[in-house]
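Here, each number is a calculation from the coordinates, and none is a lab measurement. Remember, it's a predicted structure, so these values are computed and weren't measured experimentally. Here the Cβ positions follow ideal geometry from the backbone for every residue, glycine too, while neighbour counts run over all protein chains shown.
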Number of protein chains: 2
Amino acid sequence: MSVYLKDIPLEVATKRLFASLEEYGLTGVKGLETIPLNELASGRVLAEGIWAKISSPHYHSSAMDGFAVLANDTRDALPSRPLKLVVGEKAIYVDTGDPLPKNTNAVIPIENVEPIPQDEKSELDVRHPREILIRASVTPWSHIRLLGEDIVATQLVIPAGQQLRPFDLGAIAACGHSTINVIRKPVVAIIPTGDELVDIGEEPKAGDIIEYNSMMIAAQVNSWGGIAKRYPIVKDNPDCLREAVIHAVSHSDLILLNAGSSAGADDYSSQVVESLGQLLVHGVAVRPGHPVIIGIVHVNYKGQERHVPIIGVPGYPVSAALTCELFVEPLIKMWSGNQNKNIEEIEAELTHKVTSPSGDDDMMRVALGKIGNRLMAAPLNRGAGVITSLVRADGISMIPRGIQGMEAGEKIRVQLYRSLAELDKTLFITGSHDLTLDVLAEYLAEKSHRLVTANVGSLGGLLALSKGEAHGSGSHLLDPDTGIYNDSYIRQYLAGHSVNVMSWVGRIQGLLVQKGNPKKIMTLKDLIRPDVEFANRQRGAGTRVLLDYQLKLFGILSTNIRGYQNEEYTHLGVAAAVISGRADCGLGITAAATALDLDFVPLFTETYELVIPAEIFHSAFFEPVIQAANNPEFHSRIQKLPGYDTSKMGEFRSVN
Amino acid sequence: MSVYLKDIPLEVATKRLFASLEEYGLTGVKGLETIPLNELASGRVLAEGIWAKISSPHYHSSAMDGFAVLANDTRDALPSRPLKLVVGEKAIYVDTGDPLPKNTNAVIPIENVEPIPQDEKSELDVRHPREILIRASVTPWSHIRLLGEDIVATQLVIPAGQQLRPFDLGAIAACGHSTINVIRKPVVAIIPTGDELVDIGEEPKAGDIIEYNSMMIAAQVNSWGGIAKRYPIVKDNPDCLREAVIHAVSHSDLILLNAGSSAGADDYSSQVVESLGQLLVHGVAVRPGHPVIIGIVHVNYKGQERHVPIIGVPGYPVSAALTCELFVEPLIKMWSGNQNKNIEEIEAELTHKVTSPSGDDDMMRVALGKIGNRLMAAPLNRGAGVITSLVRADGISMIPRGIQGMEAGEKIRVQLYRSLAELDKTLFITGSHDLTLDVLAEYLAEKSHRLVTANVGSLGGLLALSKGEAHGSGSHLLDPDTGIYNDSYIRQYLAGHSVNVMSWVGRIQGLLVQKGNPKKIMTLKDLIRPDVEFANRQRGAGTRVLLDYQLKLFGILSTNIRGYQNEEYTHLGVAAAVISGRADCGLGITAAATALDLDFVPLFTETYELVIPAEIFHSAFFEPVIQAANNPEFHSRIQKLPGYDTSKMGEFRSVN
């Protein structure tokens, strides 16, 4: 593998890819295909403009229900001297849309005539009277839709390159077409490869990876205007991979190999690319996503040399998604003529300091919250394997190479994944993590509201409120002097801010231990045993404050606890540490133990509350949360989780 | 038919519909359906939240290629005193993603070890050395992706109500699901009805209407999240219509009857609705769209009473599209859980005065052009039958009832159909109509630029430029004194504006006459013959100036010309007047005669030019037009139209 291919800047990689496409005549839109004109054509892109074959209307038609006449015949009608016209001779009944009868050039609306019945006994048929009386003349061509009023034959109705909308289809039919020539959608083969991969629906064993990247990429490809073709998982065998690629070359316009492109032992992708064509790029200086492979392969298919670009997409899902956004999306949009570029870019303030490798363009996904007029961007976990960072992302921002990090409060440019309108109705609750906030998120989603949570611990939440960076904060900070939760902390950290505290849940805190409690851990005193490894929560977390308070009461020194310095950031993180054997126990809530099927030793009941600035508490914005807190159905949802008491939920008091 | 149903305000009609839906339990989202998790699930809306069944990662996995060790075993390693670990005993090779071997709790990346081969002769296999040397200790859990790092089992991963994006699918798979419960898409039956309707692809005779509304509505329904079912055309026969409705009731959630809802003779829709259920609304005070029918029908199907709302959609395409936007879109979005409301609203200036019926909410479609920082809204033809007004619309604006009109320059609120970004690259050329501008529009569209034209005549174009309401203007204004085109008019109407005039085409003007020229019209002198009816162009049009100039030269009085006062606004309008027999001849260009297969009597050659303010002419914005004018391939496209000379195209001069 040539060294010059390695970790080149993004724009160099892109340039190299496009130069190669140019060389093989693979730029521009794909050829055209003829499809029938029906509702399924909506969204397709016209390869050729639509020029009218017939006019619309294609004949002079009556614009009203009434009587067609020759305007000249009506000249003498006056209000005082009505004119009589014999139906069938000088006046002919027409419905709206009927063609204009011969020797007529105007229509008198039915409401402007006085019909005279066939004979005095018969009932009046307004459409077939014997005669009509009119009391005003009409001008030629009145109440007539003229031939070509809308579309004149031969005019351009819709230009080539337009993505068809529902009414465009109507206009195309109106001017006489029943088929259309649209740009062929490029076909993208997606080949997942790796011995460790198992299909969705299989039970994964340790070491197995559920293969969902190909589904995710397929959905991306379809959304950009391509046709995705997923291949079955190919084992780490160069011959099998080569076979799959050769098949794909003859059936697609682009090949994506997923996984196998790390520097790991199972890396055959680059070998296969080199054996079938040229390796153009191996590694791009973008984070996450380094081990991208770009090449072009040449295969003779049915006597014809086919040249197909191939991209080795890294295996971690976040890298995979980003690689496709960077390299696959532009290709598909170019080939399919898709001109949608509806990504809006806005400016937001960073909530945290971030660091960045100075050699890479660092793509950072963020959650966004609009607090008053400030748009806050909270950087999400940047691990390449953290797919929830994609799910939770409201936008993406780039820290360009050369910059080693950014401070909290700095302005960044964010490409939006959600509309600003959606962000406007997003409630951003920070502070301490509780499972009931997930239940609330679901409840609010059903009511078309959106709840975004960030878990920074109770104290972190109050600090965020003091800086105006969140709408509210979950808090369970025990005052060791008074035994009262939250108030003294709020007075200290939110001095001068008028704040409401809403009771949320009472919850039992206790020790999460292995199933069957093999080490018989029963009280806090057991934590200092030499055979007990503890998993702690981070400084500032309410559970940590509670632990330190109780340790003091029991006279236990934290330095005597093995693992006291191991900090987890959520209750479930603590539970995961225990179930994995990394720790023997940790302090947490019942729900977390139940979640991972651990045993639970109840120790204390604590108060978990929501701290909300008064102006937000009293706004329509927070209304749905208050409604939830007072809704018995919502209470019963929470009571399904073990260890929660909702009896005080919805009560509130003012602090400051 | 009860009078109280007639022409009620929009909000009353909507309220009545929803009250009835409420009564029959038809509000809220439709039930759920279980679908397999694959790329086709993208875009579906979750009926139930996704709670993690397994954690992700579901085991501790190595984050790097390297050697798994027990951190404690590495304590004594120092740069100056490397530590030796025997592979297979104290160090175990792992690839990225491999599960952590028993009794290890850290991974040392392969680049941080010095491997020692199995024996001195054999080549080094970096993955299977005999021993490794390390020069630094590692901390527990370093380079390991912990179980649950991304998703912890039982947590909420995606809330109910979310419309799934590609990476949401990945997250759902990652947490152990292989099927999902999504909201069932509502099925909408679309029944076109009318004796005059013919299918797309059939040759329409006079009086026939090509039935494309059902296709247009189906595409709308699909885009809003429903499933459209188009029924074959039903003849105007109440029994057939009743049969179709009864079938639809048992197979759909909403029935749309198209046409048959005017006050015309073929109106059976309301009778069928009344015979099967309740007629709730007959006529809404909205323009265009008055004759809307809303009802609910009740049919016993397989022993179960089904209640299905039914909407009679007016037959004119613009009314049909609007009715569906007003009544069908909200229903489908409610039922399908589609929360997309990405319609942006902006403020624009009216280019023309408009009048409006004071009793109606008047929905007016507009073309938008951004001239400098001003967004200009040009009202489009408001005829209910003018489908090109839908195609050309960049947005829609409402003139509320009670207001009888608005003046040019007034600010209106416009709901955008196109993004502002698209409008930013839209060139807005007004003035005189020429077919070559259609060719230019198509050429520019291929290059991802957009040309919008408005035909207001040459003088109207100069006036628009003087008010800064267009980027350029097509002009062929002959100065009767000098024989020079445009310059003197520009000096008069654009005094003080620095302007460039670019030669576009020379074109032959002559008389458009019936095929075979039955009346032997050969010169302008024939226009005063009593048997000759003339179709004129509107005052201010270049062709009109030319006519008046030539009439003066020939000493012909316009008052002696029959039809001199009949004004058409385009060349093709004149051609349509002649082919329809409404006139015997008109002055126009060759291309218009050819378009409608008329004969042409050439009389003069005139100059057609583009007038462009200097600052626009020299901007990147106008660049693509200059490129087109200098591109031989573009010239040859125009030369395919008869009667054009492109020899001077692209030459330009400054005026003022």
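Residue by residue, segment A:440-446 carries 3J(HN,Hα) couplings of 5, 4, 5, 4, 5, 4, 4 Hz when phi is fed to the Karplus relation 6.51 cos²θ - 1.76 cosθ + 1.60 (θ = phi - 60°); x denotes Gly or Pro. Estimated at 0.36 nm per residue, the fully extended path between A:Asn560 and A:Val12 surpasses their Cα-Cα distance by 191.7 nm. The charge dipole of chain B, taken about the Cα centre with unit charges on the Cβ atoms of Lys, Arg (+1) and Asp, Glu (-1), comes to about 620 debye, rounded to the nearest 20. Taking a ≥ b ≥ c as the square roots of the eigenvalues of the Cα gyration tensor of segment B:524-583, is the shape rounded (a/c under 1.5), prolate (a/b larger than b/c) or oblate? Oblate, because a/c is 1.5 or more while a/b does not exceed b/c. For B:Asp125 and B:Leu420, a Förster radius of 51 Å and the Cβ-Cβ distance give a FRET efficiency of 0.25, rounded to the nearest 0.05. Of all DSSP bridge pairs formed entirely within chain B, close to 75 percent run antiparallel.
Where does each of B:199-212, A:440-453 land if you order them by average Cβ count within 10 Å, highest first? Write down the numbers at each step before the final one.
Numbers: B:199-212: 17.6, A:440-453: 19.8.
So the peptides B:199-212, A:440-453, ranked by packing, come out A:440-453, B:199-212.
Within segment B:431-517, all pairs of alpha-carbon atoms sorted by distance into 10 Å bins from zero give the percentages 15, 42, 30, 11, 2. With the cut-off at 1.5 for a/c, could you classify segment B:476-601 from its C-alpha gyration tensor as rounded, prolate or oblate? Prolate. Computed on the Cα atoms alone, the convex hull of segment B:367-479 gives a volume of 131 cubic angstrom per residue.
The share of C-alpha pairs in segment A:1-121 whose separation exceeds 27 Å stands at 58 percent.
Reducing segment A:458-490 and segment A:288-307 to their Cα centroids gives an inter-centroid distance of 57 Å. Only bridges with both residues in the protein assembly as shown count here: give the DSSP antiparallel percent, nearest 5. Close to 75 percent.
In the assembly of identical copies, B:Gln639 has its label point, taken 7 Å from Cα in the direction of the beta carbon, separated from the corresponding points by 8.7 nm (ascending, one decimal). Across all directions, the shadow cast by the convex hull of segment A:296-400 built on its C-alpha atoms averages 9.3 square nanometres.
Applying both filters, DSSP loop and at most 13 other Cβ atoms within 10 Å, to the chymotrypsin sites (Phe, Trp or Tyr not before Pro) of segment A:55-163 eliminates every site. Would you mind getting me the FRET efficiency between B:Glu407 and A:Arg75? Use the beta-carbon distance for r and R0 = 22 Å, nearest 0.05. FRET efficiency, B:Glu407 to A:Arg75: 0.05. Can you pull the percent of Cα pairs in segment A:393-432 with separation above 17 Å? Here the long-distance tail beyond 17 Å is 50 percent of all Cα pairs in segment A:393-432. Beyond 24 Å between alpha-carbons counts as too far, so tell me which of B:Lys370/B:Lys648; B:Lys525/B:Lys640; A:Lys15/A:Lys333; B:Lys370/B:Lys411; A:Lys102/B:Lys6 fall in that bin. Those over the limit are B:Lys370/B:Lys648; B:Lys525/B:Lys640; A:Lys102/B:Lys6. Derived from the Cα gyration tensor, the three semi-axes of the equivalent ellipsoid of chain B are 65, 41, 21 Å, largest first. Cα-based radius of gyration for the protein assembly as shown, normalised by 2.2 N^0.38 Å, reads 1.11. For B:Arg306 and A:Asn237, the FRET efficiency from 1/(1 + (r/R0)^6), where r spans their Cβ atoms and R0 equals 60 Å, is about 0.60.
When the convex hull of the C-alpha atoms of segment B:589-656 is computed, what volume per residue in Å³ does it have?
Per residue, the Cα convex hull of segment B:589-656 comes to 109 Å³.
Packing around the peptides B:132-140, B:322-330, taken as the average count of other Cβ atoms within 10 Å per residue, puts them in this order, highest first: B:322-330, B:132-140. Of the chymotrypsin sites (Phe, Trp or Tyr not before Pro) found in segment B:476-574, the ones in coil according to DSSP and having at most 15 other Cβ atoms within 10 Å of their Cβ are B:Tyr569.
Label segment A:77-201 by shape, choosing from rounded, prolate and oblate, from the square roots a ≥ b ≥ c of the eigenvalues of the Cα gyration tensor; if a/c is under 1.5 it is rounded, and otherwise prolate applies when a/b is larger than b/c, oblate when it is not. It comes out prolate by the Cα gyration axes. Between this copy and the others, label points of A:Ile346 are 1.7 nm apart in ascending order, each placed 7 angstrom from Cα in the Cβ direction. Other residues lying with their Cβ under 10 Å from the Cβ of A:Leu416 contribute a combined charge of -3, Lys and Arg counting +1, Asp and Glu -1.
A:Lys6 label point (Cα plus 7 Å toward Cβ) to equivalent points in the other copies: 8.5 nm, shortest first.
Are there GluC sites (Glu not before Pro) in segment B:88-189 that DSSP puts in a loop and that have at most 13 other Cβ atoms within 10 Å, and which ones?
B:Glu89, B:Glu120, B:Glu123
With a simple spin-label model that places each label point 7 Å from the Cα along the Cα-to-Cβ direction, the separation between A:Asn381 and B:Asp597 comes to 7.1 nm. Annotation: Cα Rg of segment A:144-229 relative to the compact-globule expectation 2.2 N^0.38 Å equals 1.92.
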